[in-house]
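Read the structure below first, then the notes.
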Amino acid sequence: MRKKIDLAGAKHVHFIGIGGISMSGLAETLLHDGFTVSGSDRAASPTTNHLRDAGIHIAIGCNAANITTSIDLVVYTAAIKPDNPEFAQAIALGIPMMVRAELIGAILKAFKYAVCIAGTHGKTSTTALVTRITQAAGLDPTVNIGGYIGDKNYFIGNSPYFVLESCEYSNSFHHWHPYIGTILNVDIDHLDFFADMDAIIETFAKFARNIRPNGVLVIQEDVPGFDRITAGLKCEVVTFGASQNATYSLQNITNNTIGTSSFDATEGPYIQTRIDLPLPGKHNMYNALAAYAVARELGIEPQVIARTLSEAEGVKRRYQFKGMYDGTTIIDDYAHHPTEIKACLAAAREAHAGRIICLFQPHTYTRTRDLFDDFSYAFAAADMTMFVPIFAAREPYDPTISSAMLAERVAQNSPLQTCCNCNSLKEAEEFLRANLKPGDLLITMGAGDVYLVGENLLTC
């Protein structure tokens, strides 16, 4: 059993934005630990309904009246601004406040075996694999993940194990001191926050330095800045990768006819088990190997790991099969970075012999602008690439960058493929209805709401 969570004596915790994918899990974790929990969100949802049924007081709408003197601590995300009525009321009443990342740091102190999965790409998928392996091994972990495994984005366990997807954006993971910290990869991204690649390497180095001295860093052997990240660490460092010099490596890879792979997982020179992975693409092999390494560092037997990985179902919006539309296979994927796009399309090309159509929705103006050249070469494996307007997310409109500009550049760089720009999701849907053919593979791709196009095709 783990020890109780200590929030400096707070007993009643209120969450602003409690229905969020991370906040909801944290709220129920505190409820399970004996705290009184309340929260608000701008709209009702299945998540807020579940939390209400669990015993959490839920207010719909952000209102200063939701903040009362009975509350000991208010938790908020970085997206909440000082002019938020509940935020402002908490300040006025002198109630202690804590940003979400700080709360996670406080919660992790109660768990002897806190496992944080970090990296520019693959965090959600790898966290899901570690979750399933630890569950299969009977470790009963508490889990907080940025995606859905089946219909759940968190699990409440009764053990000293906590598995957490760990994001580098805003240096959130600097608040955490895990027993096992995992760095899957390091790539340039989030240039609206990080100045350059040097700053990104440094943020991962700080994450590594925060690993407990009796803990372990699990890191891909060839990440940029490896020496800098690992220099002077007090924790143990183990590596994973394709070379036999890695602590954990994948060897003797065979590709199956449906685009999936099998490989031997080795520890040093010794083969431990054969893994038949039902998830497509080289990137998923590396995610699976990272999960294998984490599980072995937790003492889980290779055969348990291999059996669980052979049954891996993937995560919602990660190369997710959505259905068939008049002979066209529809896949949805969250890829929104050039590296992720290339990996997704490479997996599709291995698995599919017919025409591949990619419907892409860029995510944020800054990412589209800062990685424009990389984006312009990322779609080469598709036969047709379609673009819809940029999903702004947290950013204001920027007239200096657009999907139309990206479509034009992709067309120049890949003259053998068809490339077009659509002015809306609706326009893209109508074009696809008129042009999809039996045997096609359609991938709706991006971190926004582009998945709605595929769902509309399947339901209308």
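Each row is one residue, and each column tells you yes or no for (1) among the polar types (S, T, N, Q); (2) closer than 15 Å to LEU345 by Cα.
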site: LEU371; (1), (2): no, no
site: ALA381; (1), (2): no, yes
site: ARG394; (1), (2): no, no
site: SER424; (1), (2): yes, no
site: ARG433; (1), (2): no, no
site: GLY446; (1), (2): no, yes
site: ASN456; (1), (2): yes, no
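For segment 251-262, state whether one or more residues are open to solvent by less than 50 Å² (accessible area, probe 1.4 Å), assigned to a loop (DSSP other than H, G, I, E, B), touching a strand residue (DSSP E or B) at 6+ places or on another chain (Cβ under 8 Å) and farther than 20 Å from ILE133 by Cβ.
First, the residues of segment 251-262 that are open to solvent by less than 50 Å² (accessible area, probe 1.4 Å): 251, 259-262.
In the following step, the residues that additionally are assigned to a loop (DSSP other than H, G, I, E, B) were identified as 259-260.
Checking which are touching a strand residue (DSSP E or B) at 6+ places or on another chain (Cβ under 8 Å) leaves us with 260.
Now drop any that are not farther than 20 Å from ILE133 by Cβ, which leaves none.
Checking segment 251-262: not a single residue is open to solvent by less than 50 Å² (accessible area, probe 1.4 Å), assigned to a loop (DSSP other than H, G, I, E, B), touching a strand residue (DSSP E or B) at 6+ places or on another chain (Cβ under 8 Å) and farther than 20 Å from ILE133 by Cβ.
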How many residues does segment 106-134 contain that are at pLDDT 95 or above and touching a helix residue (DSSP H, G or I) at 6+ places or on another chain (Cβ under 8 Å)?
-> 13
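Each row is one residue, and each column tells you yes or no for (1) more than 30 Å from ALA78 (Cα to Cα); (2) open to solvent by 60 Å² or more (accessible area, probe 1.4 Å); (3) at pLDDT 95 or above.
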{"site": "THR385", "(1), (2), (3)": "yes, no, yes"}
{"site": "ALA404", "(1), (2), (3)": "yes, no, yes"}
{"site": "LEU416", "(1), (2), (3)": "yes, yes, no"}
{"site": "CYS419", "(1), (2), (3)": "yes, no, no"}
Entirely in segment 352-440, the helices (runs of 4 or more DSSP H) that have 3 or more residues that are of a type in the set (Asp, Glu) and without any contact (Cβ under 8 Å) to a residue 40 or more places away in the chain | 425-435
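Has segment 329-338 got any residue that is more than 21 Å from the chain's Cα centre (by Cα), under 22 Å from ASN423 (Cα atoms), open to solvent by less than 10 Å² (accessible area, probe 1.4 Å) and free of Cβ contacts under 8 Å to residues at least 40 places away in the same chain? Full working, then the answer.
Within segment 329-338, the first condition is being more than 21 Å from the chain's Cα centre (by Cα), and the residues that meet it are 329-330.
Cutting the leftovers down to under 22 Å from ASN423 (Cα atoms) gives us 330.
Now narrow it down to the ones that are open to solvent by less than 10 Å² (accessible area, probe 1.4 Å): 330.
Then keep just the ones that are free of Cβ contacts under 8 Å to residues at least 40 places away in the same chain; that gives none.
So far as segment 329-338 goes, no, none of its residues is more than 21 Å from the chain's Cα centre (by Cα), under 22 Å from ASN423 (Cα atoms), open to solvent by less than 10 Å² (accessible area, probe 1.4 Å) and free of Cβ contacts under 8 Å to residues at least 40 places away in the same chain.
I'm trying to understand the selection: among the residues of segment 121-148, which are among the hydrophobic types (A, V, I, L, M, F, W, C) and either farther than 19 Å from ARG307 by Cβ or surrounded by fewer than 23 Cβ atoms within 10 Å (Cβ to Cβ) (or both)?
ALA136, ALA137, LEU139, VAL143, ILE145
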So which of ASN63, ASN49 ends up being surrounded by fewer than 18 Cβ atoms within 10 Å (Cβ to Cβ), polar (S, T, N, Q) and under 27 Å from ASP140 (Cα atoms)?
-> ASN49
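Please work out which residue is farthest from the chain's Cα centre (by Cα), limiting yourself to segment 437-460 and to residues that are hydrophobic (A, V, I, L, M, F, W, C) and surrounded by 19 or more Cβ atoms within 10 Å (Cβ to Cβ). Before the answer, list the steps.
Applying the first criterion (hydrophobic (A, V, I, L, M, F, W, C)) to segment 437-460 yields 441-443, 445, 447, 450, 452-453, 457-458, 460.
Okay, now just the ones that are also surrounded by 19 or more Cβ atoms within 10 Å (Cβ to Cβ), so 441-443, 445, 447, 450, 453, 457.
Details: LEU441: 24, LEU442: 22, ILE443: 19, MET445: 15, ALA447: 10, VAL450: 17, VAL453: 22, LEU457: 26 Å.
Going through the qualifying residues, I end up with LEU457.
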By residue number, the members of segment 284-307 that are without any contact (Cβ under 8 Å) to a residue 60 or more places away in the chain, under 18 Å from THR239 (Cβ atoms) and surrounded by fewer than 24 Cβ atoms within 10 Å (Cβ to Cβ) are MET285, ARG296, PRO302
When you go through LYS4, LYS81 one by one, which is the residue that is more than 21 Å from PHE155 (Cβ to Cβ), open to solvent by 10 Å² or more (accessible area, probe 1.4 Å), in a loop (DSSP other than H, G, I, E, B) and at pLDDT below 95?
-> LYS81
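The values are calculated or read from the model by the stated rules, or taken from the named source; none is laboratory data. These numbers come from a predicted model, not from an experiment. Positions of Cβ are backbone-derived with ideal geometry, glycine not excepted, and every protein chain shown enters the neighbour counts. Ligands, DNA and RNA are stripped out before the accessible areas are found, and what is left, the full protein with its side chains, is counted by its heavy atoms. Shrake-Rupley method; radii C 1.70, N 1.55, O 1.52, S 1.80 Å.
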